[in-house]
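The values are calculated or read from the model by the stated rules, or taken from the named source; none is laboratory data. This structure is a prediction, so every number in the text was calculated from the model and none was measured. When we count neighbours, we look across all protein chains shown, and the Cβ atoms used for this are built from the backbone with ideal geometry, even at glycine.
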């Protein structure tokens, strides 16, 4: 088995204060809703690793790379079919 190398990426910008994190939560990210059979899932464009992570519900989330961000509610995401 080949060992995997992990890279630690720096965050862009200054770290928000504890008060800002408590009041506002992690920053919102750009998402694309995916309609699956039975539920809506969201692909989040990660600000930390520039990857795309998939989540099953909105709200504050942590990506697999460790980034913290907020998935906006479904009614706040524009419908691309219009």
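Report the residue count in the stretch 45-82 for those that are touching a strand residue (DSSP E or B) at 6+ places or on another chain (Cβ under 7 Å), modelled with pLDDT of 85 or more and not in a strand (DSSP E or B).
So the answer is 7.
Hey, can you tell me all the residues within the stretch 4-26 that are surrounded by 14 or more Cβ atoms within 10 Å (Cβ to Cβ) and modelled with pLDDT of 65 or more?
Within the stretch 4-26, 25, 26 meet the criteria.
For a quick check of your reading of the model, give me the residue pairs whose first member lies in the stretch 31-43 and is on the phi > 0 side of the Ramachandran plot, whose second is surrounded by fewer than 13 Cβ atoms within 10 Å (Cβ to Cβ) and modelled with pLDDT under 90, with beta-carbon atoms closer than 6 Å and at least 6 apart or on different chains.
Close Cβ pairs satisfying both conditions: none exist.
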